[in-house]
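One structure below.
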Amino acid sequence: MLVRPSRVTWVISVLSGGVGAARLLRALQRHRPDVELSAVVNVADDVTMHGLTICPDLDTITYTVAGLNNAEAGWGLAGETWRVMEELERLGGLTWFRLGDRDLATHLYRTQRLGDGATKSEVARELAARHGLRIELLPVSDDPVATVLETEVGRLSFQEYFVAHRHDVVVREVLYEGAPDARLGLGAERALRDAERVVIAPSNPILSVGPILAIGPVRDVLAERRDDVVAVSPIINGAALKGPADRLLGEMGLPVSVLGVAQYYAGLIGTLVIDEADAHLAESVRDLGINCVVSTTVLANEDNARRLCEVLVP
Ligand code: FO1
């Protein structure tokens, strides 16, 4: 049975990638303080560089919700310095994946704690607490999971595709290595089963949400309670605000529109929230058996953020 403190009126869990999810979580925290929030976060972008374990989506959410993020880049810290990278470059080291001086402290902390025997979930909780987050950050799994892409230039790891190739190569197949055998993190399993509502953030369906859906029982858990599952479309007027979500939908044979998002999540969601710019497609979404709500999905200002939060938490 759910026992909640009196000021909590809703318990919500958000399936999360990086920047799109981070902005939604920050908006929900700001505009709905009555909501007890957890984020079930993708870990298939995680990478080891210079022996350090880097978890981009967890860190993007932590920095953004804490108000420390580099808003322009969408990753890393604001006001970052790059002394270590400059020196590494001078030494001829590996610098295509750039780690800022202060950001490095996060990776050093995580790597040491993992070496001590802590889990990713424990480290995420510790870092969230150090940053004063009121959101529970839950890696979807503590087991290794990795997104790998078959592309026109061969098989690439996620960060090789995303950063080294600037997601500008044709993708033929996306694989979520380790996902079928990965166990849900303990916190993630509880959040997905017990939250009153599960929100799928406006993250890249194929690269950010896909790896979460590929883990063990996640699809079944969502399908069983699909009326409580609401997705926010990351596609507006046929394009992604940031990143290759639009291009990948097309490459995976789906329509490059909110209809592609609806088809990708069909059977798992009860409702899709789409932007006013796509209002003319609402009926076609409904034809797929998905309730469709037209709102604003661009969190460009506090007014928009408040409106979307009201749709997600009525
Ligand atoms: N994205 C880039 O485009 N270039 C980088 O050099 C880069 C470094 C980086 C370091 C730490 C981190 O947490 C994220 C970083 N990202 C970088 C972002 C990351 O590649 C992607 O945004 C996510 O994996 C996609 O959600």
Item to check | Wholly within segment 49-153, strands (runs of 3 or more DSSP E) carrying at least 1 residues that are over 15 Å from the mean Cα position of the chain (by Cα) and within 14 Å of the ligand (Cβ to nearest atom) | outcome: 52-54, 146-151
Checklist entry - Taking the stated definitions as given, is Gly74 open to solvent by 10 Å² or more (accessible area, probe 1.4 Å) and over 14 Å from Gly20 (Cα atoms)? => result no
Checklist outcome for this item: Log entry, pairs with first residue in segment 29-43 being within 18 Å of Val19 (Cα to Cα), second being among the hydroxyl-bearing types (Ser, Thr, Tyr), beta carbons closer than 7 Å, six or more apart or on different chains, reads Ser38/Ser13; Ala39/Ser16; Val40/Ser13; Val40/Ser16; Val41/Ser16; Asn42/Ser16; Asn42/Ser208; Val43/Ser141
Checklist outcome for this item: Apart from one, (1) open to solvent by less than 70 Å² (accessible area, probe 1.4 Å); (2) touching a residue at least 60 places away in the same chain (Cβ under 8 Å) all hold for Asp143; the odd one out is (2)
Item to check | Which numbered condition Glu173 misses (of (1) within 16 Å of the ligand (Cβ to nearest atom); (2) over 20 Å from Ala22 (Cα atoms); (3) open to solvent by 70 Å² or more (accessible area, probe 1.4 Å)) | outcome: (1)
Checklist entry - Which of the residues belonging to segment 294-307 are of a type in the set (A, V, I, L, M) and touching a residue at least 40 places away in the same chain (Cβ under 8 Å)? => result Val298, Leu299, Ala305
Next on the checklist: Suppose the filter is more than 8 Å from the ligand (Cβ to nearest atom) and within 19 Å of Gly76 (Cβ to Cβ); does Asp46 pass it?
Outcome noted: yes
Item to check | Scope segment 97-138; condition open to solvent by 60 Å² or more (accessible area, probe 1.4 Å) and touching a Lys or Arg at 6+ places or on another chain (Cβ under 8 Å); matching residues | outcome: Glu122, Glu136
Checklist outcome for this item: Exception for Thr111 within (1) more than 24 Å from Ile200 (Cα to Cα); (2) without any contact (Cβ under 8 Å) to a residue 24 or more places away in the chain falls at (2)
Item to check | Search result, residues across segment 176-191 that are in a helix (DSSP H, G or I) and surrounded by 18 or more Cβ atoms within 10 Å (Cβ to Cβ) | outcome: Gly187, Ala188, Glu189, Ala191
Checklist entry - Mind checking which pairs have a first residue in segment 242-263 that is within 14 Å of the ligand (Cβ to nearest atom) and open to solvent by 50 Å² or more (accessible area, probe 1.4 Å) and a second that is outside any helix (DSSP H, G or I) and not aliphatic (A, V, I, L, M), Cβ under 8 Å, 6 or more apart or different chains? => result Lys242/Gly74
Checklist outcome for this item: Given (1) surrounded by fewer than 22 Cβ atoms within 10 Å (Cβ to Cβ); (2) without any contact (Cβ under 8 Å) to a residue 24 or more places away in the chain; (3) hydrophobic (A, V, I, L, M, F, W, C), Ala66 misses just (2)
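Yes/no per residue for (1) open to solvent by 50 Å² or more (accessible area, probe 1.4 Å); (2) touching a residue at least 24 places away in the same chain (Cβ under 8 Å); (3) part of a helix (DSSP H, G or I):
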site: Arg193; (1), (2), (3): yes, yes, yes
site: Pro202; (1), (2), (3): no, yes, no
site: Ile206; (1), (2), (3): no, yes, yes
site: Arg219; (1), (2), (3): yes, yes, yes
site: Ala223; (1), (2), (3): no, yes, yes
site: Asp227; (1), (2), (3): yes, yes, yes
site: Leu272; (1), (2), (3): no, yes, no
site: Glu283; (1), (2), (3): yes, no, yes
site: Arg286; (1), (2), (3): yes, no, yes
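The values are calculated or read from the model by the stated rules, or taken from the named source; none is laboratory data. Keep in mind that what you see is a predicted model, and the values were worked out from it rather than measured. A quick note on method: Cβ atoms are made from the backbone with ideal geometry, for glycine too, and the neighbour counts reach across all protein chains shown. Heavy atoms of the whole protein, side chains included, go into the accessibility calculation; ligands, DNA and RNA do not. Shrake-Rupley method; radii C 1.70, N 1.55, O 1.52, S 1.80 Å.
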